[in-house]
Amino acid sequence: MIGKLSVTELSILLKKRELSAVDVFKYYINKEDKYGAYLFKNTEGLKVAEDVDKRRVQGEKLPVLAGIPIAVKDNICTKDMPTTCASKTLEEFIPMYNATVVDRLNAHNMPILGKTNMDEFAMGSTGENSAFFKTINPISPELSPGGSSSGSAAAVSGRLAPIALGSDTGGSVRMPAQMCKICGFKPSYGAISRFGLIAFASSLDQIGILSQNVSDCKLIFDALRGRDSYDMTSIDVFDKKNLNPKTAYFIKNESCLKADEINLSMLQYLLPIYYIISSAEAASNLSRYDGVRYGKDSEFGVEVMRRIELGNFVLSSENVGEYYNRACRARALLCKEMDKLFESYDFIFMPTMTDKVQKLNEKCVPSDIYSLDAYTVLANLAYLPAISLPIGENGVTIMARHGEDTALLKFAEEVLANGI
Amino acid sequence: MNIDISDMLLFVNKLSELDLPENTPVCCSQFTELQEDVVIHFGKVFDSDVKVEKVRGV
């Protein structure tokens, strides 16, 4: 019964003491991980659950999420727990500090179930780039689970965790969410602190949430959001009422009948802009794994090496103008185009996935895999909040203005419940 | 390890087809006033021709 309950339902039963936090934690931690979702299981989380039960018996008022276990992607730093980014390079790395999101989970008395599998350093869209083992899609085992937050998506979809954190640099939360038929939310850039998230591409990275429904996502987002003195790009999002929202869509599907059709002139350039900027930032960020600071020689997989090589190519003195600077300017143009569209519309729809679906172990050239991100990278490039809902074959993504995350979640909840 | 990025280059070279208006500023993420100053400072240090524009105000 526990495995079928949403976060919202668990929270009510825990508060009424009809369920104990220890029972909930034990249920999830003892479940067999048949999907390869976890790289590390945190049995120490039981102490948090025991503490929650003890304090509830004593009549103490606890946060609404107290006692709800959560899975955390393995590129988010957790003190005294391995944080490997699914890479041999960080195989022995145990951080001395918590990411801000982990501190906030602790402040809400949420026990951590473990660290989830992923594409190495979050580079990939299929979950196949983990240096340790591949994750299996619980819904369609013949298909890839999507990536890079493959383990977090499989954990929630396969009921190995009630909810999970992932990270989204170009769709790494939304894409696996759609592949595993759950909800995936990428907040506005800065809405959740990135302190302690191991950097891939700093201007695109954002911690996101994978959940069974939008209400659960809202609860966790409220617990995590807001400014953080350790992350100078962090912001406070604001609440806004949207009684009669104006909606539009880029690419038609059966779920957008009432919305206006609009064009994005730069749609075909999104992927080149994204791959130039993300690879350039990755080359810079990963230069710290030099065999000195983390006590081990770098041992990257092919995909990570490929991106470092592309990043260094586009940043080299003879190419920087034609590639990196040009991509940055194109990104500015894209932001302006999105700002213009959001002057007329509150929410914009598009599919989460293209028609191409990646099978597990399917052989292809890198650009075939990169094309899977064709729609998702837009929200990262333009700093926008976006949520993927498991509607239809390709999923429905809804985007909103920067900072209007709570309005987006409220609208998404209505869309999921009542259709569009 | 021999890494071939020719496929990736073909992929990103599509950007050269984009007609980019002259003087399009470089995009920055959202900044507080202090952060904006910092970025403009770096823009001056590394490339005096780079124009930095605040595109996401807080």
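Bear in mind these aren't lab numbers, they're just calculated from the coordinates by the rules spelled out. All of these numbers come straight from a predicted model, not from anything done at the bench. Neighbour counts are summed over all protein chains in view; Cβ atoms, including those assigned to glycine, are modelled from backbone coordinates with ideal geometry.
I'd like the FRET efficiency for residue A:261 and residue A:362, computed as 1/(1 + (r/R0)^6) with the beta carbon distance as r and R0 of 45 Å, rounded to 0.05.
Details: r = 33 Å, r/R0 = 0.73.
According to the calculation, E is roughly 0.85.
Using only alpha carbon pairs under 8 Å that are at least six residues apart, calculate the relative contact order of the stretch A:1-128 and give it in whole percent.
The value is 29 percent.
Using Cα positions and a limit of under 21 Å, work out the lysines in reach of residue A:359, with same-chain residues fewer than 8 apart set aside.
Those lysines meeting the cut-off are A:34, A:134, A:181.
Sorted by packing (mean other beta-carbon atoms within 10 Å per residue), highest first, where do A:75-86, A:132-143 land? Don't skip to the end; give the middle numbers.
On the way: A:75-86: 23.1, A:132-143: 18.2.
Highest to lowest by the protection proxy: A:75-86, A:132-143.
How many nm separate the modelled label positions at residue A:139 and residue A:57, each set 7 Å beyond the Cα in the direction of the Cβ?
4.1
Specify which residue in the list A:22, A:90, A:171 is farthest towards the positive end of the charge dipole of chain A, using unit charges on the beta carbon of Lys, Arg (+1) and Asp, Glu (-1), about the Cα centre.
A:22
Give me the inter-chain shielding for A:230-239: mean count of other chain Cβ atoms within 10 Å, whole number please.
Working: counts 0, 0, 5, 7, 2, 4, 1, 0, 0, 0.
Mean shielding count: 2.
Given 0.36 nm per residue, what is the gain on full extension from residue A:30 to residue A:418 after removing their alpha carbon distance, in nm?
Contour length minus the Cα-Cα distance gives 136.1 nm.
Can you order the peptides A:93-105, A:363-375 by their average number of other Cβ atoms within 10 Å per residue, highest first?
A:93-105, A:363-375
Please average, across the residues of A:329-337, the number of beta carbons from any other chain that are within 10 Å of each residue's own beta carbon, and give a whole number.
Neighbouring Cβ atoms belonging to other protein chains average 6 per residue here.
Please name which of A:133, A:78, A:58 has its Cα lying farthest along the dipole of the stretch A:42-144 towards the positive end, using unit charges on Cβ (Lys, Arg +1; Asp, Glu -1) and the Cα centre as origin.
Ranked along the dipole, the leading option is A:58.
Out of the GluC sites (Glu not before Pro) in the stretch A:325-420, which ones are loop residues according to DSSP with at most 14 other C-beta atoms within 10 Å?
Within the stretch A:325-420, the qualifying GluC sites (Glu not before Pro) (loop, at most 14 other Cβ atoms within 10 Å) are A:362, A:393.
Within 10 Å of each Cβ in peptide A:267-279, how many partner chain Cβ atoms are there on average? Round it to a whole number, please.
3
Please give the length that would be gained between residue A:240 and residue A:292 if that part of the chain were fully extended, namely 0.36 nm times their separation in residues minus their C-alpha to C-alpha distance (nm, one decimal).
13.9 nm
Using bins 10 angstrom wide from zero, how does P(r) for the stretch A:215-277 break down, in % of all Cα pairs?
15, 22, 35, 26, 1
In whole Hz, what ³J(HN,Hα) sequence does the stretch A:151-163 give by Karplus (6.51, -1.76, 1.60; θ = phi - 60°), x for Gly and Pro?
Result, ordered by residue: x, 5, 5, 5, 5, 6, 5, x, 6, 9, 7, x, 7 Hz.
Taking a ≥ b ≥ c as the square roots of the eigenvalues of the Cα gyration tensor of the stretch A:81-158, is the shape rounded (a/c under 1.5), prolate (a/b larger than b/c) or oblate?
Because a/c hits 1.5 or more and a/b fails to exceed b/c, the stretch A:81-158 counts as oblate.
What is the antiparallel percent of DSSP beta bridges lying wholly in the protein assembly as shown, to the nearest 5?
Once the DSSP bridges in the protein assembly as shown are tallied, antiparallel ones form about 65 percent.
Tell me, what is the percent relative contact order of chain A, built from C-alpha pairs under 8 Å that lie six or more residues apart?
Normalised by residue count, the contact order of chain A is 16 percent.
Measuring from a point 7 Å past the Cα of residue A:64 along Cα-to-C-beta, which residues in the stretch A:372-411 have an amide N at less than 17 Å?
Only A:405-411 fall inside the zone, counting backbone N under 17 Å.
Can you tell which of A:213, A:192, A:245 lies farthest toward the positive end of the dipole of the stretch A:138-266, using +1 and -1 charges on the Cβ of basic and acidic side chains (Lys, Arg; Asp, Glu)?
A:245
Is chain A rounded, prolate or oblate when judged by the Cα gyration tensor, a ≥ b ≥ c being the square roots of its eigenvalues, rounded requiring a/c under 1.5 and prolate requiring a/b larger than b/c? It would help to have the intermediate numbers written out before the result.
Details: a/c = 1.59, a/b = 1.18, b/c = 1.35.
Oblate shape, in that a/c is at least 1.5 and b/c is the bigger or equal ratio.
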